[in-house]
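Q: My questions all concern the structure below.
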Amino acid sequence: MKLSILIPIYNERATVLEIIKRVQAVAFEKEIIAVDDGSTDGTRELLPETEKDGVIVLYHDCNRGKGAAIRTALERATGDIIVIQDADLEYDPRDYGQLVQPIVEGRAKVVYGSRFLGPRMAMFFWHMLANKMLTLMTNILYDTILSDMETGYKAFRADVIKNMMLRSHRFDFEPEVTAKVLKQRIRIFEVPISYYGREYSEGKKIGMKDGFIAVWTLLKYRFVD
């Protein structure tokens, strides 16, 4: 099966070339679609050299958010399986095998890589607590037993995510897509992944405001489409 690996990018000059190199090294039939979401730190100037190696690079004129970048990439994706890959080094592309295996084998349509089931670099306590609370809220509202709703490693059978009406612009992509998968009564398969959390000084972007938006998103999509 062919993988479409979608990489939303915003101000990741220090890591973007390395993560693309790591994705290219994974032994799958694949296409890599990178979307620069209005970077201002020099990232945009680095991306054209990746096109020489077959990476599809798309550009937003201004910063619109992770969800918007994923939607842009989805429009170009032609693979059987869609994988979301952040442009930092927190998630390891060597985990793709276990991430997509349940889909390849026909056992699942959607797979989440859980940071709480595998080896991980120590997280910030308050981030861990927020993740746990948002996951608990998801489980209560949508009658499921996820361990990590906010994970950045999500894999979808292409027809599942391409047929969704996604509206999120920022980090609310995670709760929105989760809510819409579960409302379709598609059960999410979880697998352990490794996780190397970074510091804010290293470019981490998600914050407390995004947690409140995630709460609202989970509540909203429980009752509307």
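Q: Give the calculated FRET efficiency between K220 and E45 to the nearest 0.05, with a Förster radius of 22 Å applied to their Cβ-Cβ distance. Write down the numbers at each step before the final one.
A: Values: r = 38 Å, r/R0 = 1.74.
Once the sixth-power term is evaluated, E becomes 0.05.
Q: Shifting gears a bit: Solvent-accessible area of H127, probe 1.4 Å, all protein chains present, reported in Å² to the nearest ten, please.
A: 50 Å²
Q: Still on this model: No solvent, one uniform scatterer per C-alpha: report log10 I(q)/I(0) for region 116-197 via the Debye equation at q = 0.27 1/Å, two decimals.
A: Values returned for q = 0.27 Å⁻¹ are -1.53.
Q: Let me ask you something else. Using modelled backbone amide H atoms (1.01 Å from N, in-plane), which distant-in-sequence or interchain residues come within less than 5 Å of E12's amide H?
A: T43
Q: I've got another one for you. Given a cut-off of 17 Å, what percent of all Cα-Cα pairs of region 1-92 lie beyond it? Write out the running numbers ahead of the final one.
A: Working: 1737 of 4186 pairs.
Above the 17 Å cut-off, region 1-92 has 41 percent of its Cα pairs.
Q: Are there GluC sites (Glu not before Pro) in region 63-168 that DSSP puts in a loop and that have at most 11 other Cβ atoms within 10 Å, and which ones? Write out the running numbers ahead of the final one.
A: Details: sites: E75, E90, E105, E150; in loops: E90, E105, E150.
Within region 63-168, the qualifying GluC sites (Glu not before Pro) (loop, at most 11 other Cβ atoms within 10 Å) are E105.
Q: Assuming R0 = 25 Å, what is the FRET efficiency of R94 and S147, from their Cβ-Cβ distance, to the nearest 0.05? Provide the component values of the computation, followed by the final result.
A: Working: r = 21 Å, r/R0 = 0.83.
Plugging the Cβ-Cβ distance into 1/(1 + (r/R0)^6) gives 0.75.
Q: Something else: Ignoring ligands, DNA and RNA, please state the percent of accessible area on the chain from carbon and sulfur, probe 1.4 Å.
A: The value for the chain is 55 percent carbon and sulfur by accessible area.
Q: Calculate, in nm to one decimal, what R185 and K52 gain on full extension: separation in residues at 0.36 nm each, minus their alpha carbon distance.
A: Numbers: separation 133, 0.36 × 133 = 47.88 nm, distance 4.16 nm.
Working it through step by step, the gained length comes to 43.7 nm.
Q: So, one more: Using a 10 angstrom cutoff on alpha carbons, build the Gaussian network for the chain and name the most mobile of T178, T40, T138.
A: T40
Q: Go through K21/K132; K30/K162; K183/K220; K2/K162; K66/K109 and tell me which ones have a Cα-Cα distance over 24 Å in this structure. Could the numbers behind the result be given before it?
A: Details: K21/K132 32 Å; K30/K162 17 Å; K183/K220 12 Å; K2/K162 15 Å; K66/K109 22 Å.
Those over the limit are K21/K132.
Q: On a 1.4 Å probe surface of the protein chains, which of R44, R94, R157, R187 comes out largest in accessible area, and what is the full order? Show your work: numbers first, answer last.
A: Values: R44 60, R94 190, R157 80, R187 135 Å².
Putting R44, R94, R157, R187 in descending order of accessible area: R94, R187, R157, R44.
Q: So, one more: Count the DSSP beta bridges whose two residues both fall in the chain, then state the antiparallel fraction as a percent rounded to the nearest 5. Can you show the working numbers first?
A: Numbers: 7 of 28 bridges.
Here the share of antiparallel DSSP bridges comes out near 25 percent.
Q: Please identify, among A130, A87, A155, the residue showing maximal mean-square fluctuation in a Gaussian network model of the chain using a 10 angstrom Cα cutoff.
A: Greatest mean-square fluctuation among the candidates belongs to A130.
The values are calculated or read from the model by the stated rules, or taken from the named source; none is laboratory data. Computed from a predicted model, the values in this text were never measured in an experiment. Every residue, glycine among them, receives a Cβ derived from its backbone with ideal geometry; neighbour counts consider all protein chains shown. In case anyone asks, the SASA skips ligands and DNA or RNA and just uses the protein heavy atoms, side chains included. Shrake-Rupley method; radii C 1.70, N 1.55, O 1.52, S 1.80 Å.
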